[in-house]
1. Going highest first, how would you order 5-14, 19-28 by mean Cβ packing within 10 Å?
2. Working from the alpha-carbon coordinates of the range 43-127, get Rg over Rh, Rh being the Kirkwood radius.
3. Would you tally the net charge around ASP166, using a Cβ to Cβ cut-off of less than 14 Å, leaving ASP166 out, and scoring K and R as +1, D and E as -1?
4. On the protein heavy atoms, probe 1.4 angstrom, tell me the percent of accessible surface of the range 1-108 carried by carbon and sulfur.
5. What lysines does LYS55 reach when the alpha-carbon gap must be under 20 Å and sequence neighbours fewer than 8 apart in one chain are set aside?
6. What order, most packed first, do the peptides 151-159, 227-235 have when packing is the mean number of other Cβ atoms within 10 Å of each residue?
7. If all Cα-Cα distances of the range 124-197 are sorted into 10 Å bins from 0 onward, what percent lands in each bin, rounded to whole numbers?
8. Find the relative contact order for the chain and round it to a whole percent, using C-alpha pairs within less than 8 Å whose residues are 6+ positions apart.
Amino acid sequence: MVSFVATPIGNLKDITLRALETLKDADVIFCEDTRHTIKLLNAYEIKKPLYACHKFNETEAAEKILAASRRGEKVVVVSDAGTPVVSDPGNIVCKILRENGEPYTLIPGACAFVAALVLSALPAGRFAFIGFLPDKNSEKKSVLEKYKDSDLTLAFHSAPQDVDKDIKAMYEVFGDRNACAVREITKLHEEAVNFTLKDGLAGEKRGEYVLVVEGAKEGESPLNALSEVEHIKHYMAAGLDKKEALKRAAKDRGVTKSELYPFAIDL
């Protein structure tokens with residue numbers, strides 16, 4: 001049997017009794033980084049064989065997990081923090097287990113984006129978790145374009161070196177919106193900082209972030225907050241020619257292309 005076990009996202013006390021029982025009962029543990037997982041196990045005096053299962057060897061590790069489970073061993077899969085599979089390795093393992101008819105289960109626990117959603121105080125009735133954005137700016141915008149008209153609150157993971165670039169891309173696609181940057185979740189210096197996409201997030205960026213962004217207002221494109229010229233330039237900056245940019249901006253604003261044309265003459 002294979003158990004995917006959620007581990008703490010910061011504070012080591014944020015682990016369930018069931019998770020500890022499963023770890024203690026395991027024959028073998030597959031983890032994202034053995035150096036990281038050993039700290040958790042040592043904190044609870046658990047000693048088990050550890051093997052790596054990360055994005056560079058996941059297919060190979062999945063075959064070993066499948067074989068071990070079929071031998072009757074109790075196998076546990078963990079990531080460095082939070083729930084395996086969610087923005088972490090594990091999805092390939094699930095796929096291979098399912099394709100081979102091998103049962104597996106999840107021992108749930110801490111989840112960073114859910115905690116961030118609560119701490120942000122933004123609408124939490126309906127939301128979408130997007131995870132990490134691609135590295136390339138053009139690919140970031142391509143992903144964001146899919147959600148620009150959604151009224152769902154959006155949650156993103158962001159590494160400290162990517163925070164400013166991610167926020168800039170969000171502003172270029174979404175226009176100005178309220179947002180919240182949450183970091184150091186469950187730790188001593190946990191903080192949730194509200195800001196707007198237009199102004200960006202001030203200060204030095206440290207630690208892993210969850211960026212929570214409000215959804216589009218119903219029946220209104222967030223880009224309408226821009227001036228006519230900025231609106232057209234927004235789409236041109238995204239790679240569209242002036243004619244197509246004019247067409248998209250007119251559609252957003254509910255006007256004809258001819259009404260916007262004067263604003264595009266000098267672009």
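1. Working: 5-14: 18.6, 19-28: 16.8.
Listed from highest to lowest mean packing, they are 5-14, 19-28.
2. Numbers: Rg = 15.6 Å, Rh = 14.8 Å.
When Rh is taken as the Kirkwood radius, the ratio is 1.05.
3. Details: positive: LYS136, LYS140, LYS141, LYS165, LYS168, ARG177, ARG183, LYS205; negative: ASP135, GLU139, ASP162, ASP164, GLU172, GLU208.
For residues surrounding ASP166, the net value is +2.
4. Working: 2970 of 5760 Å².
C and S fraction of accessible area: 52 percent.
5. Within reach: LYS64, LYS95, LYS136.
6. Result, highest mean Cβ count within 10 Å first: 151-159, 227-235.
7. Computed distribution, short to long bins: 18, 55, 24, 3.
8. Details: 485 pairs, mean separation 45.2, N = 267.
Relative contact order here is 17 percent.
The values are calculated or read from the model by the stated rules, or taken from the named source; none is laboratory data. Given the structure is predicted, the values throughout are model-derived calculations rather than measurements. Positions of Cβ are backbone-derived with ideal geometry, glycine not excepted, and every protein chain shown enters the neighbour counts. Surface accessibility is based on the protein's heavy atoms, side chains included, excluding ligands, DNA and RNA. Shrake-Rupley method; radii C 1.70, N 1.55, O 1.52, S 1.80 Å.
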